[in-house]
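Below is one structure, written out as structure tokens; comments come after it.
The values are calculated or read from the model by the stated rules, or taken from the named source; none is laboratory data. None of the values given here were measured: they were computed from a predicted structure. A quick note on method: Cβ atoms are made from the backbone with ideal geometry, for glycine too, and the neighbour counts reach across all protein chains shown.
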Amino acid sequence: MSQCRTETGGRIDRSRKLSFTFDGVQLYGVQGDTLASALLANGVHLVGRSFKYHRPRGFLGAGTEEPNALVRVIRDSARSTPNVRATSVELYDGLIAESQNRWPSLKFDVGAINDALSPLLPAGFYYKTFMWPRSAWHKLYEPNIRAAAGLGRAPEGADPDSYAQRFAHCDVLVIGAGPAGLAAAQTAARTGAHVMLCDEQAEFGGSLLDDPEALIDGQPSAQWLQGVIADLKARPNVTLLQRTTAFGYFPHNLIGLNERVTEHLSAPHQNLPRERLWQVRATEVVLATGAIERPLVFPGNDRPGIMLASAARTYLNRYGVRVGKRAVIVAGCDAAYAAALDLKAAGITIAAICDVRPSADGPAAARARAAGLAITTNTTILGTRGRLRVQSVRLGHLEISGSIRPGVTVACDTVLMSGGYTPTVHLYSQSRGKLRFDSTSHVFVPGTSAERERSAGACKGIDGLHAVLADGAAQGLSAAAATGFAGSPRHYTVVATETSGIGIPGALPQPGKTPPAKAFVDFQNDVTSKDLALATREGFESIEHIKRFTTTGMATDQGRTSGMNALGIIAKDFGREIPSIGLTTFRMPYTPTSFGILAGYARGDLFDPVRRTAAHDSAAALGAVFEDVGMWKRAWYFPKSSEDMHAAVERECLAVRNGVGMFDASTLGKIEVVGPDAATFLNRFYVNNWANLAVGRTRYGILLRDDGFVYDDGVIARIADDRFHVTTTTGGAARVFALMEDYLQTEWPDLKVWITSTTEQWSVVAVQGPRSRDVIAKLVTDIDISHNAMPHMSVANGRICGIPMMLFRVSFTGELGFEVNVPAHYGKAVWDALYEAGREFGITPYGTEAMHVLRAEKGYIIVGQETDGTATPDDVGLTWAIGKTKPDFLGKRAIARPAMTATGRKQLVGLLTLDPQVQLEEGAQVIATPKQPVPMTLIGHVTSSYMSSVLGHSIALAMIKDGRARIGETLYVPMPDGDIPVKVTAPVFYDAEGVRLNG
Amino acid sequence: MLVIQCPFCGPRPELEFAHGGEAHIARPSDPASVTIEEWGAFLYLRKNTRGVHAERWRHVRGCGRFFNALRDTTTDQFIATYKAGEAPPASATGGAV
Ligand SMILES: [Zn+2]
């Protein structure tokens, strides 16, 4: 065991040795270590290079506040995590860690040239310098800045781990299991309320873990802690979550918890999720998030070996690690004395205690003096030395005159600083609670709550173990009472050295008017007091602007250790009070949170539900290639052995035109509209006249919204007087249904109409082509399907293969066609039967691509392809469908606006390229005259474009300004290779008279 | 994620609901009789209230019903929810709606 490790004490198991590597060097720690404590036990202080200046950095803290010690932890080739705080990584056997932001090595880093250049790299440097010449930004500045910037490297492969998500409800959620949180949880749990208690650390206890000397109710703190945890564990109404960070406070008391399940294990079981997201809805929340010690701002305050006094105490008392041999204590707060006493007792030489304040009279200072430690008050630090580890500090003495007298240089390997404690109000602030500035302690504390929450203990500025326990118990009791559970108050007796957390804001005094260089405020973003002074000099006044200009508080630690110091420095510069400077917003997450838990189970196959039609497997067996249409898998085309898509589509189209094809139309939206007022409702809803639609007949319906623009279309059949079968586009089914519900529930609640989505109740096979009747005639019974008995646009009930069927005679191809509707679970059987029956006629399954070509040859629009939410029925040539005599329907008032029929609107037309083999690009723009300079005058765009096999040339549909008046004109489609001349035609390319429909 | 009190089902998490825009905008009963400006206002003009706002929600992944709510847009707190067609509870609005 190294000499840094104490022989006894701490909460580690010295008998369980763990091996790990840091930058390739094998080291040993023990069970219970963090990576940070294990490194320190090996005397390793240098763990990283700073973000901007590449300065050597060590540990500032011992917990989640750590800004410097960001490392990459590598578990295996597929699992590495950058930017994790070494202070929060639990050591396990075989852990591999690497330092970051250095090249070629941590001890010799080329990027450190930035430190020498630092006078040239002040705040705002990037904004000012790289503005000119503009062209250099993309080619030169940005790539180089990007290469030099950033912390860590993201892993390159897909994340092999799984992440769990769950919801939970509780009466009282207690966040933080320090003394306040434990007291709150135990008091609330005793009332019978359902209590959840979470803490980000591996062990419950918070500050108690650093304070083994304290006695609570006559017991040493460790024993008391054990008792409380055992009591909580035994209660069925209590849920305990260790290693669980409350990272976000969302409206209505929804708290996001990030539970790290396997991160600390050497060999996690493969069935365990790596992390788990808890979304907890709590009736009442108790925030017991503690307080974080502030560093002091003085020149060279960032060298390895300079750390928070509380951190040194944590390393010693919790992990049995001495952080050095000879320490200088810099006190702006009495907490420094507690650290000095503990370190002295562990055999560390206290070389000096410098208190910047005029006097040091607290009980801890008195104990320090009694222990023989000398304290010099009115003392500041003028500078430090030491390249990879602090070697000395230079003291300065504050004179009554206000000037500073240089003092001695004190040799040391450790500097411990304490600037006072900042309440951790991040979650409180996220909950939109208003903060209040406490002018005694110079910090912000919770003021007026916005949610049903309360803060307890140090996070609301309460000092001292007894007061914290008492407040925790009181808040736990009050939270439980607010949920209807009554209990009795708890009292504690405490014996401990109580230190005040009140410190000093801002920087240590320095001689001269200009702020010193390299007095760091924000360690992670390398922001100095000089940068802040520059920002105020440059005229920034808003704290939000200063933050963005200097980047202070914008690093991954969100200014945990820097925020109050920055405010103090800025306030002093302006000669104003801190509250008048304001405070930047605290945002979630409290600590960096993996994308894994946010994605949770929604990955790969589970990312989005997949909808397959009943006949999917039959189509797949026929070789179908599928495309995604919304969540549906639709057969796109059915290639034979060596066919490409073009060849397959050409064959499929010709089969439908010349013989017979079959198409799975099951994805079409289907809504059954039922009730005595069904026809009235549809009359108001669709543009068409439904009152005169006879039972057994169908009609092509067009739906507008009240803004007059085409929203959806589909065939609607009247099944009975009071029953309609409405079809919608595949993509529009849900929104049409929602719109129907909206009008029925809120505008026309008097109508007796009920609507039901039947999309998934019916399987639909479209059998299309001149031989379609021959095919279905072999299977259909109970219906006369002759042309006279069942003309175009009719519907009838019958049977197919003995199965109940609704048969439509409809066509989206322009050919004689039927659509066979059967209950969905018969879909595959009927598809297979139709395929077998059609073999003798050469039946050809066709996919969505052929369907698109066939309908385009006929000029049938697709809503969302020809229309874009700004097309009226007239624009797309559908005025004929409108029921002219109806007093009202959705969109009627809007399409009567003059602007809706004014000249200059885009209208649907056909385009034929002069070269029949040239196919236009969908989305291409159209111009009236060739060879236009940029910007061209655009008069429309191509909406659909295909090669038509039956016509032997390409066809296109387009929306062109005043298009119908331009029929016969030549227009141009500008492409990179030149303008393509096109002739404007009517949008129907094939069988314009429609005779083929009558088969 | 808000908790929303469906008047038919009780409190449910926001992810069961769809927002439906401002409430109490009635479609003119005789659209032909309104001016273009009035029709445009019906279609497009909304209050964008800072404070107590009457808005529509649909319990789309629940009972499917539309209903109205009074929500303070500055705090996200609901003051009341009530059925479509009902007037907002007067005591809750302070006459703001
Ligand atoms: Zn409901």
Can we say residue B:88 is within 12 Å of chain A (Cβ to nearest Cβ) and either farther than 30 Å from residue A:895 by Cβ or away from the ligand (no atom under 15 Å from the Cβ) (or both)? no
Checklist (1) in a helix (DSSP H, G or I); (2) aliphatic (A, V, I, L, M); (3) at pLDDT 95 or above applied to residue B:60, failing item: (1)
Would you check which residues across segment B:28-71 are within 16 Å of the ligand (Cβ to nearest atom), in contact with an Asp or Glu (Cβ under 8 Å, 6 or more places away or on another chain) and within 8 Å of another protein chain (Cβ to nearest Cβ) and list them? B:56, B:58, B:60, B:64, B:66
Of all the residues that make up segment B:1-27, how many are within 27 Å of residue A:248 (Cα to Cα), away from the ligand (no atom under 13 Å from the Cβ) and part of a loop (DSSP other than H, G, I, E, B)? 2
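Being touching a His at 6+ places or on another chain (Cβ under 7 Å) and touching a residue at least 24 places away in the same chain (Cβ under 8 Å) is the requirement here; does residue A:58 meet it? Spell out the reasoning first.
Numbers: touching a His at 6+ places or on another chain (Cβ under 7 Å): yes; touching a residue at least 24 places away in the same chain (Cβ under 8 Å): yes.
Spelling it out, residue A:58 is indeed touching a His at 6+ places or on another chain (Cβ under 7 Å) and touching a residue at least 24 places away in the same chain (Cβ under 8 Å).
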Which is touching a Ser or Thr at 6+ places or on another chain (Cβ under 7 Å), buried (at least 17 other Cβ atoms within 10 Å of the Cβ) and either modelled with pLDDT of 95 or more or closer than 12 Å to residue A:423 by Cβ (or both), of A:472, A:476, A:457? A:476
Quick check, is residue A:871 within 46 Å of the chain's Cα centre (by Cα), in contact (Cβ under 8 Å) with a residue 40 or more places away in the chain and over 27 Å from residue A:705 (Cα atoms)? no
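Take the residues in segment B:4-27 that are in contact (Cβ under 8 Å) with a residue 12 or more places away in the chain and at the interface with chain A (Cβ under 8 Å from one of its Cβ atoms); name whichever of them is nearest to residue A:685 (Cα to Cα).
Of all residues in segment B:4-27, those in contact (Cβ under 8 Å) with a residue 12 or more places away in the chain come to B:4-9, B:12-25, B:27.
Applying the additional criterion that residues be at the interface with chain A (Cβ under 8 Å from one of its Cβ atoms) yields B:13, B:18, B:20, B:27.
Values: B:13: 32, B:18: 22, B:20: 19, B:27: 13 Å.
Of everything passing the filter in segment B:4-27, B:27 is nearest to residue A:685 (Cα to Cα).
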Only listed residue being closer than 18 Å to residue A:878 by Cα and either surrounded by fewer than 21 Cβ atoms within 10 Å (Cβ to Cβ) or free of Cβ contacts under 8 Å to residues at least 24 places away in the same chain (or both), chosen from A:931, A:961: A:961
State whether one or more residues within segment A:868-890 are within 14 Å of chain B (Cβ to nearest Cβ), of a type in the set (A, V, I, L, M, F, W, C) and buried (at least 22 other Cβ atoms within 10 Å of the Cβ). yes
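Within segment B:72-85, restricting attention to residues that are more than 10 Å from every other protein chain (Cβ to nearest Cβ) and touching a helix residue (DSSP H, G or I) at 6+ places or on another chain (Cβ under 8 Å), which residue is nearest to the ligand (Cβ to nearest atom)?
Taking segment B:72-85 first, the residues more than 10 Å from every other protein chain (Cβ to nearest Cβ) are B:72-73, B:79-82.
Checking the rest, the ones that are also touching a helix residue (DSSP H, G or I) at 6+ places or on another chain (Cβ under 8 Å) come to B:79-80.
Details: B:79: 19, B:80: 16 Å.
This residue is B:80.
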For the subset of segment B:29-49 comprising residues that are part of a loop (DSSP other than H, G, I, E, B) and surrounded by 15 or more Cβ atoms within 10 Å (Cβ to Cβ), which member is nearest to the chain's Cα centre (by Cα)? B:49
The number of residues in segment A:555-609 that are in contact (Cβ under 8 Å) with a residue 24 or more places away in the chain, in a helix (DSSP H, G or I) and not aromatic (Phe, Trp, Tyr) is 18
Some residue of segment A:854-862 being within 14 Å of chain B (Cβ to nearest Cβ), under 44 Å from the mean Cα position of the chain (by Cα) and in contact (Cβ under 8 Å) with a residue 12 or more places away in the chain: no
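Does residue A:450 count as away from every other protein chain (no Cβ under 14 Å) and aliphatic (A, V, I, L, M)? If you could, list the steps in order and put the result at the bottom.
On the way: away from every other protein chain (no Cβ under 14 Å): no; aliphatic (A, V, I, L, M): yes.
No.
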Specify which of the listed residues (A:245, A:283, A:314, A:289) is on the phi < 0 side of the Ramachandran plot, buried (at least 18 other Cβ atoms within 10 Å of the Cβ) and within 14 Å of chain B (Cβ to nearest Cβ). A:283
May I ask you to list the residues in segment A:694-743 that are assigned to a strand (DSSP E or B) and within 14 Å of chain B (Cβ to nearest Cβ)? A:704, A:711
Number of the condition not met by residue A:977 [criteria: (1) touching a residue at least 12 places away in the same chain (Cβ under 8 Å); (2) more than 22 Å from residue A:770 (Cα to Cα)]: (1)
